[in-house]
1. Amide H to amide H, which residues 5 or more places from residue 29 or on other chains are under 5 Å from it, using H placed in the peptide plane?
2. Cα convex hull of the chain: how many Å³ per residue?
3. Based on Cβ point charges of +1 for Lys and Arg and -1 for Asp and Glu, what charge dipole magnitude is obtained for the chain about its Cα centre, in debye rounded to the nearest 20?
4. Leaving out same-chain residues fewer than 8 places away, which lysines sit with a Cα under 25 Å from that of residue 3?
5. Given the DSSP H assignment, sum -39500 (n - 2.57) over each helix run of at least 4 residues in the chain and divide by its residue total; what's the result at 222 nm in deg cm²/dmol, nearest 500?
Amino acid sequence: MGKVTSKLQVTVPKAIADQYRIKPGDEITWVAAGDWIRVLPANVMTTNVAPDVEARLKLFDDGTRRQRARNKSVKPSTGTRGWTREDLYDRGRSR
């Protein structure tokens, strides 16, 4: 987790810098994306306009690939929760 300094500077975590080949002196771009802020290496996008269709498709494919990897690490549900739908209807009611 990064921290903002009193000079509004942010440190890029080493794992992220290594993954995206960000080195000291490289420029990054800050892009407002609704409730989020996207930080992009300048070589990915140099303006604050929306990326072209190819870039958006690449971002989508990358996100899909990451989600599939996450899904593989999650244990599948056994299908039993220990309660039935009828149990929920009667919960909290005196009998």
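Values in this text are rule-based calculations from the coordinates and carry no lab data. Predicted, not measured: the structure shown is a model, and the values here were computed from it. Backbone-built Cβ (ideal geometry, glycine too); neighbour counts: all protein chains shown.
1. Amide H to amide H, under 5 Å and 5 or more residues apart or across chains, residue 29 pairs with 40, 42.
2. On the way: hull volume 22.2 nm³, N = 95.
Taking the convex hull of the Cα positions in the chain, it is 234 Å³ per residue.
3. 560
4. 14, 23
5. Here the helix-only value at 222 nm equals -10500 deg cm²/dmol.
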